[in-house]
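The block underneath contains the structure these notes are about, expressed in structure tokens.
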Amino acid sequence: MKAVLVNNKQAQQKFLNIVEKLYRADKAYIRPLDQDVEKVFDTKHNPFFKHGQCVRWILVDDKNKTIGRIAAFVNEKKAYGYEVATGGVGFFECINDQKAANLLFETAKQWLSERGMKAMEGPINFGENDSFWGLLVEGFIPASYGMNYHLPYYHNLFKTYGFETAYEQITNIIDLTIPFPARFTKIANWVAAKPGYTFKHFEKSKAEKYINDLMEIYNDGWKDFENFVPIKKETLQESFKQMEVIMDENLIWFAYIDNEPASFIVLIPDANQMITGFNGKLGLLQKLKFAYRRWRGVKRMRAIVMGTKQAYQKHGLESALFIKLGEYVLPKNQYTELELSWVGDFNDKMLAIHEATGAKFAKKHLTLRKML
């Protein structure tokens, strides 16, 4: 076995296509679009290259068959916010063979060590944590767009090598065919009617304003979390650009108190229900199918991110935002579930909001860590 650097088109295709073999018998698996994976490694599309670097490998056996893959990266903005310099590994896929997994991990470890890293976390993304982040260990159901799906034995491969859980990522689901709990609805309506409180949904024609508002709220609301790195406008602009093809303006809401940006929630229709069966490709036929499925509508939404300024985190704004969403979503009689993904086990406030909505547990991912 040997690890081969991905530095040409042939190796790139092998990196992408290994999932076809590994997940062939798994009916729940939906292959991400190849173009979405490749954007992570494209210096022109991924703004994280301005303050970081990444590399990837495939693993081949003695017959030159691809049996695994991994990526390693250093985010200079975040690496030194830990007790020790920490890099990342991600996009891990492997046959059920500990020696193969160990060689992948060792290859990434050596690269990270050469760049001064003392620990590594994974599987994570060379980008924001709304996509390709965490190891699935519970809830092996079809993933929503951007969420990692893994084979059950992967957890043992990580643990045996020496990775330990850094934190858990909980995903809950709201059944939209059932009304919100009465207490939740009563409080939300009371908040929504308070003087000086206004609620607006995103408008593409005013995208810059809303992106600025989101950045202001997010960076204030999350600033005290460990290892937090403020989000940049260019990162948000790229994210909204990528979401544009499936975006519904009425699923992105902002709350204002006396015209000050205070809280927000971003939902998207689940594009995985539009790309299922595409096998990662997006040619002409797939584009036609995608357009039809988007027009027909999907049954699931995914909440990508929520945030509230610290000064307003006990004002019930999140509840009111859910009510505003419901005023648009429920009469459509289209969506049957809302996936609230993912929330770290350290975020008690957000988990409490999930519970208040009546959401039920759906799945768990882990962010794992190993000292080098």
Could we say that Ser319 is among the polar types (S, T, N, Q) and more than 30 Å from Ala108 (Cβ to Cβ) here? yes
Does Tyr292 satisfy the condition of being touching a Leu at 6+ places or on another chain (Cβ under 6 Å) and either more than 20 Å from Phe180 (Cα to Cα) or part of a loop (DSSP other than H, G, I, E, B) (or both)? no
Hey, among the residues in segment 336-368 that are in contact with a Gly (Cβ under 8 Å, 6 or more places away or on another chain) and modelled with pLDDT of 90 or more, which one's surrounded by the fewest Cβ atoms within 10 Å (Cβ to Cβ)? Phe361
Here are Glu327, Glu318: which of them is surrounded by 21 or more Cβ atoms within 10 Å (Cβ to Cβ) and either in contact with a His (Cβ under 6 Å, 6 or more places away or on another chain) or outside the structural domain of Ala143 (by TED's automatic domain parsing) (or both)? Glu318
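A quick yes/no check of all residues on (1) part of a loop (DSSP other than H, G, I, E, B); (2) among the hydrophobic types (A, V, I, L, M, F, W, C):
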| residue | (1), (2) |
| --- | --- |
| Ile173 | no, yes |
| Ile178 | yes, yes |
| Val191 | no, yes |
| Phe199 | no, yes |
| Glu216 | no, no |
| Ile231 | yes, yes |
| Trp253 | no, yes |
When restricted to Ala143, Ala207, Ala182, the only residue closer than 30 Å to Pro331 by Cβ, crowded, with 19+ Cβ neighbours inside 10 Å and of a type in the set (A, V, I, L, M, F, W, C) is Ala143
I need the full set of residues from segment 68-114 which are in contact with a helix residue (DSSP H, G or I) (Cβ under 6 Å, 6 or more places away or on another chain), surrounded by 21 or more Cβ atoms within 10 Å (Cβ to Cβ) and under 20 Å from Leu157 (Cβ atoms), in order please. Gly68, Arg69, Ile70, Ala72, Gly87, Val89, Glu93, Cys94, Ala101, Phe105
Consider Met306 carefully, then state whether it is under 20 Å from the mean Cα position of the chain (by Cα) and in contact (Cβ under 8 Å) with a residue 40 or more places away in the chain. yes
Test of understanding: among Ala207, Ala262, which residue is out of contact with any Lys or Arg (no Cβ under 9 Å at 6 or more places or on another chain), outside any loop (DSSP other than H, G, I, E, B) and not assigned by TED's automatic domain parsing to the domain that holds Val84? Ala207
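Yes/no matrix, rows are residues, columns are (1) at pLDDT below 95; (2) closer than 27 Å to Gln35 by Cα:
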residue	(1), (2)
Ala193	yes, no
Val229	yes, yes
Glu249	yes, yes
Tyr256	no, no
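The values are calculated or read from the model by the stated rules, or taken from the named source; none is laboratory data. If you're wondering where the values come from, they're calculated on a predicted model, not measured in any experiment. Neighbour counts are summed over all protein chains in view; Cβ atoms, including those assigned to glycine, are modelled from backbone coordinates with ideal geometry.
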